[in-house]
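Nothing in this text is a laboratory measurement; each read-out follows from the coordinates by a stated rule. Because the structure is predicted, anything quoted here is derived from the model rather than measured. Using ideal geometry, Cβ is built from the backbone for each residue, glycine included, and neighbour counts are taken over all protein chains shown.
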Amino acid sequence: MIHIRAAEPSDAAGIARVHCVTWKEAYRGILDDAYLETLSQKRLTTRWRTALDHRSEDLDEQVFVAVQGKTVIGFLTVGASREAFAPWDSEIGMIYVLKEHRGAGIGRVLMKAAADHSIRRGMFSCGLWVLRDNGGGRDFYEALRGEPTGRKTDSVGGKLVQLVAYWWNDVAALADRSTTPILPGRG
Ligand SMILES: CC(C)(COP(=O)(O)OP(=O)(O)OC[C@H]1O[C@@H](n2cnc3c(N)ncnc32)[C@H](O)[C@@H]1OP(=O)(O)O)[C@@H](O)C(=O)NCCC(=O)NCCS
């Protein structure tokens with residue numbers, strides 16, 4: 001049985017595992033290989049533990065995990081917009097699901113958790129940045145009817161990359177669109 005809940009500090013190692021494994025797989029050929037090789041589950045666990053320990057200082061910030069039993073198989077971060085000029089109120093920072101669990105509706109349900117959280121915190125539009133060359137990620141946001149709304153260049157792991165923005169002008173529509181049962185993974 002898979003369910004979605006707010007992350008706890010004890011989830012740090014599980015989130016770090018998903019973070020490390022999915023970046024190395026999904027961003028191969030998009031980000032710098034040498035940079036991806038430096039990602040370490042141990043260091044990411046420390047980073048996530050610190051982040052989760054301090055999360056209650058900013059109630060807009062939230063991390064949701066998808067868990068199967070006690071195992072984290074996906075996660076999402078959401079918070080207030082990180083850029084003053086962005087048109088959206090809340091921003092999805094990261095969303096990752098382990099490869100073997102993709103295509104089962106977990107991403108959708110994580111997005112719903114982010115949309116519901118945004119509404120609870122008085123943030124009524126939502127957006128995000130995705131790597132332009134991450135076709136799978138972009139297809140996912142388009143399947144949820146995110147609207148493309150901007151482009152920028154940024155540096156990730158020492159490499160300049162192109163990013164594109166998607167947003168939902170009315171986050172309530174994203175919450176509705178994301179209601180779906182979780183099915184067995186297509187892997
Ligand atoms: C993007 C990601 C989070 C989606 O999670 P998921 O659990 O597989 O998504 P869902 O099963 O909920 O899919 C929801 C919809 O998006 C579509 N979709 C998801 N991933 C897709 C892909 N790679 N290509 C095309 N469509 C995709 C699904 O077909 C589904 O649409 P449908 O219900 O109309 O059939 C997951 O594939 C992932 O972690 N990818 C690698 C990392 C990544 O790119 N993260 C986003 C970075 S910004």
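Find how much the distance from D58 to M1 grows on full extension, using 0.36 nm per residue of separation minus their present alpha carbon separation; answer in nm with one decimal.
17.4 nm
For F124, project a label point 7 Å along Cα to C-beta. Then give me every residue of region 159-177 with its amide nitrogen under 18 Å of that point.
Under 18 Å, as judged by backbone N against the label point of F124, lie 167-177 of region 159-177.
What is the gain in length, in nm to one decimal, between A13 and D176 on full extension, counting 0.36 nm per residue of separation less the C-alpha to C-alpha distance?
55.6 nm
What is the diffusion coefficient of region 45-99 in µm²/s, taking the Kirkwood radius over Cα pairs and the Stokes-Einstein relation at 4 °C with a viscosity of 1.567 mPa s?
It diffuses with D of about 103 µm²/s by this estimate.
What Kirkwood radius, in Å to one decimal, follows from the Cα pairs of the chain?
Result for the chain, one decimal place: 16.7 Å.
Mind computing the radius of gyration and Dmax over the alpha-carbon atoms of region 122-171? Å is fine for both.
11.7, 36
How much net charge surrounds T179 when only the other residues with a Cβ under 9 Å from the Cβ of T179 are counted, with Lys and Arg +1 and Asp and Glu -1? Mind dumping the intermediate values first?
Values: positive: R108, K112, R177; negative: D176.
For residues surrounding T179, the net value is +2.
Helix-only mean residue ellipticity at 222 nm, the chain, DSSP H runs n ≥ 4 weighted -39,500 (n - 2.57), per residue, nearest 500. What is it?
Numbers: 6 runs with 66 residues, N = 187.
The helix contribution divided over the chain gives -10500 deg cm²/dmol.
Assign unit charges at the C-beta atoms only (+1 for Lys and Arg, -1 for Asp and Glu), then state the dipole size of the chain relative to its Cα centre in Debye, rounded to the nearest 20.
Roughly 500 debye for the chain.
Pop the C-beta distance of E147 and E83 into the FRET formula with R0 = 25 Å and round what comes out to the nearest 0.05.
Result of the calculation: an efficiency of 0.90.
Given the pairs K42/K99; K24/K152; K112/K159; K70/K159; K42/K70, which are separated by over 28 angstrom at their Cα positions?
Correct reply: K112/K159; K70/K159.
Need one number: % antiparallel among DSSP beta bridges in the chain, to the nearest 5.
Numbers: 34 of 37 bridges.
Percent antiparallel among DSSP bridges in the chain is about 90.
Considering the dipole of region 1-82 built from charges on the beta carbon (Lys and Arg +1, Asp and Glu -1) around the Cα centre, which of C20, H54, A6 is farthest to its positive end?
C20
Whole angstrom only: what separates the Cα centroid of region 22-41 from the Cα centroid of region 1-16?
Taking the Cα centre of region 1-16 as reference, the centre of region 22-41 is 22 Å away.
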